[in-house]
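Structure first, commentary second.
The values are calculated or read from the model by the stated rules, or taken from the named source; none is laboratory data. The structure presented is a predicted model; accordingly, all values stated were derived computationally and were not measured. When we count neighbours, we look across all protein chains shown, and the Cβ atoms used for this are built from the backbone with ideal geometry, even at glycine.
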Amino acid sequence: MACPYVAGVAALYISVHAGRKVHGKGFANTLAKRLISSGTSLPRSDGTATNYGYTASVA
């Protein structure tokens with residue numbers, strides 16, 4: 001469910017910072033890489049007290 005929110009934030013960021021006009025052709029790739037690298041792993045919970053060491057997917 002995060003994808004629509006991330007796409008909206010990216011669109012707002014691009015609209016404020018002029019996108020390709022100012023930053024060049026690689027701006028979309030750079031922005032995508034920044035968004036992906038800013039993710040944080042979350043602990044995965046199955047509702048029990050047992051911790052198996054797994055984390056939820058970042059991307």
Q: Just name the residue that is nearest to the chain's Cα centre (by Cα) out of those in region 8-17 that are surrounded by fewer than 11 Cβ atoms within 10 Å (Cβ to Cβ) and not β-branched (Val, Ile, Thr).
A: Gly8
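Is it fair to say Lys25 is at pLDDT 75 or above and either in a loop (DSSP other than H, G, I, E, B) or within 14 Å of the chain's Cα centre (by Cα) (or both)?
Against the criterion (at pLDDT 75 or above and either in a loop (DSSP other than H, G, I, E, B) or within 14 Å of the chain's Cα centre (by Cα) (or both)), Lys25 qualifies.
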Q | Hey, Lys33 exposed (fewer than 10 other Cβ atoms within 10 Å of the Cβ) and of a type outside the set (A, V, I, L, M, F, W, C) or not | A | no
Q | Looking only at region 28-54, and only at residues there that are within 19 Å of Cys3 (Cβ to Cβ) and hydroxyl-bearing (Ser, Thr, Tyr), the one that is modelled with the lowest pLDDT | A | Ser41
